[in-house]
Every structure is written in structure tokens, then in C-alpha cells.
């Protein structure tokens with residue numbers, strides 16, 4: 001992730017996956033799966049974290065940055081978890 005984007009913005013993974021989230025930007029960003037109770041806290045520039053998706057059932061979810069104004073500036077995407 002970087003300033004107001006995720007790369008890739010749309011992610012498809014199998015059930016029980018884990019994803020490494022890397023902040024390559026110069027601001028604090030987060031990666032939150034809307035409605036799933038899963039994601040990161042504010043991640044400082046240059047830091048990374050592994051997000052475990054085992055508790056998230058198959059489906060399609062919005063991902064977004066919960067830092068003020070970031071989603072409105074385009075930092076959002078789609079996570080699809082396959083069975």
C-alpha cells in the first residue's frame with residue numbers, strides 16, 4: 001500500500017489464507033476488511049504485518065484504510081475469499 005492506494009486493489013485468496021501487508025508509502029496506513037473484524041492498526045511507513053484470514057468466511061469484502069480521509073481519496077479495494 002502507498003499514498004491512497006492498494007496494489008493490487010482487488011485480491012482473490014483461498015479460505016484460511018494469510019496476507020502480508022506492506023506500507024511502502026510515507027504516511028501511516030491500514031488495511032481493514034469491512035464487517036469481518038480483521039485487518040491492521042495504523043502501520044507506519046516501511047513496516048509490514050501478516051494478516052490471518054482464517055476467521056473470515058468465503059465471500060467478497062470491501063477493504064479500506066481507516067486513517068482519516070484515506071478511503072475518500074481512493075484507498076479501498078475488494079477482497080474475495082474462495083471456498
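All C-alpha pair distances within the chain, sorted into 10 Å bins from zero, spread as 20, 56, 23, 1 percent across the bins.
Residues 60, 40, 20 in ascending order of nearby Cβ atoms (within 10 Å, fewest first): 20, 60, 40. The stretch 1-24 and the stretch 31-52 have Cα centres spaced 9 Å apart. Model label sites at residue 27 and residue 78, defined 7 Å from Cα along the beta-carbon direction, differ in position by 2.5 nm.
Every read-out reported here was derived from the displayed coordinates using simple, explicitly stated rules and does not represent laboratory data. Treat the numbers as computed from the prediction; the structure is a model and nothing was measured. A quick note on method: Cβ atoms are made from the backbone with ideal geometry, for glycine too, and the neighbour counts reach across all protein chains shown.
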